[in-house]
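Report on the structure given below.
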Amino acid sequence: MPSDHVAEERDPASASASNEFTAQAAHMARELAHDAANDPAEDPSLRPIIVQTVLLSIVLVVLLVIGALFFKEPINELSRWVVIHLGLPGIIIAVIVSDVLTAPIPPDTMLFMAATSPDIHNGVAIVTISLASTAAGSMAYVIGPYLSKLPYLRNKIEGFRPRGEALFERWGSWAVAIGALSPLPYSVFCWMAGIYRMDYKRFFLATLFRIPRIAGYYALFMYGWKSIG
């Protein structure tokens, strides 16, 4: 009986969080519909992100085609060398470091190496790297308030703060979802969520959008590389 009582107490809170997230999703859909019907310049915080996402996707496809047509063999050898020496655990660690600390080597580089190497199981790689990147968001959330005190990272955060604050003010936890899907630094969104003490449940739900982003890019690299050249 006591366990039933605890469950009853938790249900309203869980339902409230779910309802709030759903309400935000509906609000976002309404805003996007409004933007589609009006001048995109009226939404300075979201339109640049959409443009950057589309441009990055085009650039990635172009680079993929060029690499597959003219440099396929040396790139295959490099990818295989990286996978053999690092292994899947090493690639996962590199992705986590990149998504927690905004390392110079973006996680997409590791994704490409894994996706184009024959020495790795693609299904296992997609699942583990997606989960690792999502977990990295939670790590960045926790350490964000501490990293903001470091000179180098404080300057990075301050440089992103105007756009980040606009996104957080307008979209709430959906700003993290946008960061998880977009080419903008995912770690900085997570740092700021921690600094602003965003509700962790809503934050975690938003970081789950990282999974389709990682899986989608991995599939693009894997199938695109094999089908070209």
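The values are calculated or read from the model by the stated rules, or taken from the named source; none is laboratory data. Everything quoted here is computed from the prediction, not taken from an experiment. Heads up, the Cβs are rebuilt from the backbone with ideal geometry, glycines too, and the neighbour counts pull from every protein chain shown.
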Do the conditions hold for Ala36, that is, is it modelled with pLDDT under 90, surrounded by fewer than 14 Cβ atoms within 10 Å (Cβ to Cβ), over 21 Å from the mean Cα position of the chain (by Cα) and closer than 26 Å to Cys190 by Cβ?
-> no
Are any of the residues in the stretch 60-75 of a type in the set (D, E, K, R) and farther than 18 Å from Tyr218 by Cβ?
-> yes
Residues of the stretch 42-99 being charged (D, E, K, R), within 22 Å of the chain's Cα centre (by Cα) and either exposed (fewer than 11 other Cβ atoms within 10 Å of the Cβ) or within 19 Å of Ala114 (Cβ to Cβ) (or both), which ones?
-> Asp99
Met198 passes all but one of the listed conditions (1) out of contact with any Pro (no Cβ under 8 Å at 6 or more places or on another chain); (2) assigned to a helix (DSSP H, G or I); the exception is number (2)
What number goes with the only condition from (1) among the aliphatic types (A, V, I, L, M); (2) over 22 Å from Ala180 (Cα atoms); (3) at pLDDT 90 or above that Ala94 does not pass?
-> (2)
Please state which one of Ala193, Ala219 is at pLDDT 80 or above, under 22 Å from Ser57 (Cβ atoms) and either assigned by TED's automatic domain parsing to the domain that holds Val51 or not in a helix (DSSP H, G or I) (or both).
-> Ala219
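Conditions tested, residue by residue: (1) among the acidic types (Asp, Glu); (2) surrounded by fewer than 19 Cβ atoms within 10 Å (Cβ to Cβ); (3) closer than 17 Å to Ile49 by Cα; (4) over 16 Å from the mean Cα position of the chain (by Cα).
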{"residue": "Phe160", "(1), (2), (3), (4)": "no, yes, yes, yes"}
{"residue": "Gly164", "(1), (2), (3), (4)": "no, no, yes, no"}
{"residue": "Arg170", "(1), (2), (3), (4)": "no, yes, yes, yes"}
{"residue": "Ser173", "(1), (2), (3), (4)": "no, no, yes, no"}
{"residue": "Ile178", "(1), (2), (3), (4)": "no, no, yes, no"}
{"residue": "Cys190", "(1), (2), (3), (4)": "no, no, yes, no"}
{"residue": "Gly194", "(1), (2), (3), (4)": "no, no, no, no"}
{"residue": "Tyr200", "(1), (2), (3), (4)": "no, yes, no, yes"}
{"residue": "Leu208", "(1), (2), (3), (4)": "no, yes, no, no"}
Which members of the stretch 112-157 meet the condition of being over 11 Å from Trp191 (Cα atoms) and over 20 Å from the mean Cα position of the chain (by Cα)?
-> Thr116, Ser117, Pro118, Asp119, Ile120, His121, Lys149, Leu150, Pro151, Tyr152, Asn155
Does Tyr218 satisfy being surrounded by 18 or more Cβ atoms within 10 Å (Cβ to Cβ) and hydroxyl-bearing (Ser, Thr, Tyr)?
-> yes
